[in-house]
Structures are given as structure tokens and as C-alpha cells.
1. Give, as residue ranges, the helices (runs of 4 or more DSSP H) completely inside the range 80-142 that count at least 2 residues that are under 24 Å from Pro60 (Cα atoms).
2. Is it true that some residue in the range 352-373 is charged (D, E, K, R), at positive phi and either modelled with pLDDT of 90 or more or in contact with a strand residue (DSSP E or B) (Cβ under 9 Å, 6 or more places away or on another chain) (or both)?
3. Check off (1) within 16 Å of the ligand (Cβ to nearest atom); (2) touching a Leu at 6+ places or on another chain (Cβ under 6 Å); (3) on the phi > 0 side of the Ramachandran plot for Gly290 and give me the number that stays unchecked.
4. So in the range 226-245, with the set limited to residues that are in a loop (DSSP other than H, G, I, E, B) and more than 18 Å from Pro32 (Cα to Cα), which one is nearest to the ligand (Cβ to nearest atom)?
5. Can you list the helices (runs of 4 or more DSSP H) found entirely within the range 33-78 that contain at least 2 residues being buried (at least 18 other Cβ atoms within 10 Å of the Cβ) and over 17 Å from the mean Cα position of the chain (by Cα)?
6. Would you confirm, using the coordinates I've provided, whether Gly384 is more than 17 Å from Arg418 (Cβ to Cβ), part of a loop (DSSP other than H, G, I, E, B) and modelled with pLDDT under 95?
7. What residue, of Ala195, Ala254, is in contact with a His (Cβ under 9 Å, 6 or more places away or on another chain), small (Gly, Ala, Ser) and either surrounded by 21 or more Cβ atoms within 10 Å (Cβ to Cβ) or not assigned by TED's automatic domain parsing to the domain that holds Val437 (or both)?
Amino acid sequence: MRVLLLNPPGRGVYIRDYFCSKTTKSNYLFHPVDLVVLSGTLASEHEVAVLDCMAEGLAPRDARRRIDALDPAVVVSLVGSVSWDEDRAFLAELAASGRRVLAIGDVLHEDAVRRLAEEPWLEAALDDFANEDALRLLRGATDEVTNATFRAPDGSIVVRDAPRGAREFRVPRPRHELFPRRGYRFSFARTTPFATVLTDYGCPYPCTFCVIGTLGFRTRPVADVLEELDALRADGVREVFFMDQTFGVRRERALELCAALEARGDLSWTAFTRPDRADDALLAAMARAGCHTLILGVESASDELLARYRKGYTADAVVGAFERARRHGLRTVGTFIVGLPEESAASLEATLELALALEMDFMSLNVAVPRFGTPFRTEALALGLARPEELVMDQGGASATLPTHTLDRAEMLRLKRRMVRRFYLRPSYLWRRLRGVRGLGELGRQLGEGWALVRRNLT
Ligand code: SF4
């Protein structure tokens, strides 16, 4: 069959992958990793094309024209709570023109039965992008589907939610070459073009506000990852963003991967990890393997808050991890969650003070949203901070956010924007950034990203 992997058009620049949709907080736009992984799987049995309307900046009418020209029998599309009203209207039109539509995204991660009942255009909601369910659905082998909600031939809606206990997964090599070569933006990249690569799926930690912890955790064999990276290298790609949510969970495997990358000696890359995984041995191996930027989850300066949301580490552990990363020559990015119900003006101030004291290279603030399928969503609904029928949410903080016990939505957003300005608009910081830049390309990327970030947080 001719299958189209689609990132649909929209009014904003939306990131909809990995069950976690948002507006871009500055200017970045990665390859949607769900579609990257599915490209390998689907290409093993079908003729696959990719249309990423976000990367190509396509308006709905132009996107429609391109899709009609490609004439796919099946569309496998990302959807997101950040853009749900737009997504459903666009995909309903595609279905009306006779195409089968399967979708994946945060808004379908919970109560998919209801979504299918409400959206007659939707044939199936995938709930895992690293298995073979999409192939099974296209083959009609619905008995074998494990993690999806779909319509049976008699019209009934069937839910499959198999336990996510596996340790490993394999996917045919993702087809990066099907994705646009231009249009993706990543300010941490040292060189272009860059690729987005997944070496594991989900996360074994239980942080209660995070959807990734609800997906189970499994890793790809190192040999499969290397096959993918070698194909990228042969295609001239030397820069990689590893999308693993915690690089190094299985330590021996991470060290094996790093050793193989070090032996290749020509890749430069960025990865996420947790402060309590970032010990000297792992950081040294990552640096030798070409890692230049480490994104560390900080979340908050408050140990109480870290414990309440089951982060499993304290602010002291965060301080140690940043010190070690700097010692190994890595640039650091701290990610934070702001606007949890206990957040106050004082706790935001303490978090900013911590970010400044850690001398991180970049600060990334995520606004707490009641992500589908998370314990935090259950809590936010019980507290009356969110309503079940509110499907639109945005961790980027551009639109819908939650009030906290002491801050209304407007005040929360105002304080968050002020934090961004106070962090990024320090003359000493700007000077340090300029000094760290290697070459005009990187300067251009960082200026573009910085300007977009400040512009979004001006008031
Ligand atoms: S460690 Fe990170 S990715 Fe894993 S559950 Fe916690 S917040 Fe989510």
C-alpha cells in the first residue's frame, strides 16, 4: 500500500511527538520521532512517503494539494492536544476523500474509545510507535494488535492494552532519507544537517507529571542503533539528537554504545539524562564519544516538590551533576517544570536562583500540564485545577496552562516569562554564549533561537 506519514499543518509551530504535544518554546523543531521510528517499520511492507507540514511550513491548502498528488491509501498522522481542533478537521477531510486514517498522539493516549466514538474519521489510535501494530492493522491482522484502539469490521471499538513489560525492541532501520533535509532546527547542534535518533523507548522512572513514565521502558540492540547511525554517516549526517529520555538507564549498554561512537570518531551529539545517572564514568564516556551538550532534568529547587512528584533525587544531586558535566567539558541545559499546584512566587524565585547558581548554558522551562494518562492529571482533575473536557494543553506555555494554589493562570505565565528574561538577558550570560560559539553557522542558529525565545517572553 502507499502509506503517508503525516505531521499535519496548523496555525502554530507544533511539536506533537512522543505523546507530549506543545508549541515550540523558542524556534526549535526536531524530526517527529514517532514518524522516524514508524518510517522503518512501515517501509518494511509498504511504499512510504513523509509529509512534515511543520518542517515545510505548509498551510492546510498546500498540504492538501501535496497529499492529493501523493495519493496515499493510508495516512498515519500525528495529532496533539495542542492542536486537536485543527488536526481533527484536517484529518476528517482526508478520510472523507476515501483514505484510511490512523493516528498517534497525546490526546489519544487516554480514553481512546471515547475519541474514536466521537471521531468517525479515525480508524485506529496507535498507543506505541515502536511495535508492529501499524503493520498489523494494515494487514488486517487485528488479533495480533497489542497496544492500540481500533474499529472492528462490525463497527465496534476494540481496545488492546497489553502490559509493557518487554526489555528490548527492534525496528527496521528508520528511513531518515524520507524526511525533508531542511526545515528542522536545533540550536544545540554543532553542525548541520542533524538527525533525531531513538535508542530506547519510554522511561523506567515514575515522575507523576510525565507521560513518558507511563510507556514502559525498553531498549534497542546497540547493533541496530549503529546500523542506523552508519546509514546517517554515509548520507553525510554527523550531528545527532538522541531522543532517549534518560540516556544511560542501562549503564553497560550505554557504555557499549559510547565506545562504538568513540571508535567512529566523527559524530557530535546531544542527549538527555537525569542528575542521578550522570556519574563521572558515564559522562567521560559520553564526552569521548562526541557528546557536547547534556540536557539534565532539574525540575525545581524545592526538595519537597521533587519528592512529591516522585523525581527520586534532591537539589543537591542536581548541583553535583552540573559540576561533573562541566568538568567533562559538556555544555549543560537544565529543564524545569513550573506551575505545579504547590508553585508560588517564592518557589519560582528559588528555582531561578538555582538555575543561575548552576551556571547552566541554557534553561528550559516547561509549564505543568495535566498530560493524558499521568497520575498528575488525575490529581489536577480532583483538585478542580483542570476540567476533563479541556483537551487543549500546551507545555510550551503559549496558551492553556493551569492555575496553582496561589497563582492564577495569568500570573503564573507572567512570572514564567519574567524568569526567562532574567536568565537570558544577563550581559554576563550573553557574553559567555558569544564566546562559546564555534563558527558562523552556530552563531546564526543560536541568535535565531535566542531571539525567538525572548520574543515569546517579552511581557
Ligand atoms: S525521568 Fe524524565 S522522562 Fe523519565 S519519567 Fe521522569 S520526567 Fe519523565
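The values are calculated or read from the model by the stated rules, or taken from the named source; none is laboratory data. Since the model is a prediction, treat every value here as computed from it, not as a measurement. FYI the Cβ positions are ideal-geometry reconstructions off the backbone, even for glycines, and counts take in every protein chain you see.
1. Values: elements: 84-96, 112-118, 133-139.
Result: 84-96, 112-118.
2. So in the range 352-373, the residues charged (D, E, K, R) come out as 353, 359, 361, 371.
Pick out the ones that are also at positive phi and you get 359.
With the extra rule that they be either modelled with pLDDT of 90 or more or in contact with a strand residue (DSSP E or B) (Cβ under 9 Å, 6 or more places away or on another chain) (or both), the set shrinks to 359.
Within the range 352-373, one or more residues are charged (D, E, K, R), at positive phi and either modelled with pLDDT of 90 or more or in contact with a strand residue (DSSP E or B) (Cβ under 9 Å, 6 or more places away or on another chain) (or both).
3. The failed condition is (1).
4. Arg238
5. 33-43, 60-70
6. Yes; evaluated as a whole, the condition is true for this residue.
7. Just one listed residue meets the conditions, Ala195.
Residue-by-condition table, conditions (1) within 16 Å of the ligand (Cβ to nearest atom); (2) in a helix (DSSP H, G or I); (3) under 20 Å from Gly436 (Cα atoms):
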| position | (1), (2), (3) |
| --- | --- |
| Ala307 | yes, yes, no |
| Ala325 | no, yes, yes |
| Thr335 | yes, no, no |
| Pro341 | no, no, no |
| Leu348 | no, yes, no |
